[in-house]
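See structure below.
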Amino acid sequence: MLRMMKTILLLALLSIAVPAHAIDWTAQASCKGGWLFDESSGNAVDECDTLNDGTVTGVTYSATGQFGTAFTFAPNDFVEMDGNELGAGDLTFVHWLKTTSTSGAISFGEANSGGGVNERALVIFQINNASGRMTWFVRDLTNSSALVNDSTGDMNDGTFHHWAGVADEDGNIELFKDGTSVGTAVHPSGSNSFNTTSVGVLRRGSASNFLTGTIDEPAKFNVLLDSTDINDILDNGLKGAPVASGRRIWVVKNEQQKEMSYQ
């Protein structure tokens with residue numbers, strides 16, 4: 001009788017500790033690059049399953065970030081990563097930016113350095129020369145493009161703002177500032193091909209459009225994050241963001257940081 005009671009108690013504890021509907025981590029990965037910028041030297045470590053560390057050129061480490069530390073960029077400073085993880089279809093890019101620049105600089109994005117028509121492919125956040133407002137710009141290999149300008153202004157006020165850009169396979173794009181949508185646009189959808197991800201610069205055959213400012217926690221996803229997902233990242237940081245919209249949006253190498261999502 002005592003043995004039976006111990007068995008029942010053990011089974012009850014196991015049923016509490018392990019959710020019955022937890023899905024497999026590896027199969028559900030959607031983060032295709034996430035960099036906390038908490039390093040004090042060396043490469044920018046990719047915390048996602050892709051393990052796509054960024055090569056750092058020039059930056060000032062250990063600046064005050066929105067979460068932990070951040071990298072400060074000056075002209076000729078940038079971080080470069082491979083850009084071949086997204087594939088075709090939906091995508092989302094997010095990052096924190098603090099700047100006073102109105103220079104047309106590019107803070108974060110992805111491009112193709114293959115030359116010729118390949119270099120038409122772009123997904124970038126760029127500070128608009130004319131207005132000093134953030135622009136989310138997407139262009140495909142057919143040279144079809146769309147852009148959204150931040151409708152609120154004040155992005156270059158010297159404080160951190162969180163930016164999220166989404167683009168779906170049908171050509172719809174949307175820009176979020178500090179968790180709120182500030183504009184949408186659409187263009188005829190075409191194919192894209194990327195091979196370079198860069199922070200603080202546009203990196204194709206050469207580097208251009210250097211940023212002056214501080215960037216924290218850039219990340220890219222091969223799914224469309226919705227406003228709930230984006231606000232979870234804004235409020236909690238990449239590492240602390242809970243599961244949203246029924247799926248895991250962030251995966252880190254540290255097993256203790258992983259969250260479970262449910263069908």
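The values are calculated or read from the model by the stated rules, or taken from the named source; none is laboratory data. As the structure is a computational prediction, the values presented were derived from the model and not from experiment. Every residue, glycine among them, receives a Cβ derived from its backbone with ideal geometry; neighbour counts consider all protein chains shown.
Residues in the stretch 83-112 that are modelled with pLDDT of 80 or more, surrounded by fewer than 24 Cβ atoms within 10 Å (Cβ to Cβ) and polar (S, T, N, Q): Thr100, Ser101, Ser103. Just one of the listed residues (Asp235, Asp216) is surrounded by fewer than 20 Cβ atoms within 10 Å (Cβ to Cβ) and at pLDDT 90 or above, and it is Asp235. Checked against (1) surrounded by 22 or more Cβ atoms within 10 Å (Cβ to Cβ); (2) closer than 30 Å to Ser131 by Cβ; (3) modelled with pLDDT of 90 or more, Asp77 passes all but condition (1). All of (1) hydrophobic (A, V, I, L, M, F, W, C); (2) more than 26 Å from Asp90 (Cβ to Cβ); (3) at pLDDT below 95 hold for Ala22 with one exception: (2). Total residues in the stretch 135-191 satisfying the condition of being surrounded by fewer than 18 Cβ atoms within 10 Å (Cβ to Cβ), in a strand (DSSP E or B) and of a type in the set (Asp, Glu): the figure is 0.
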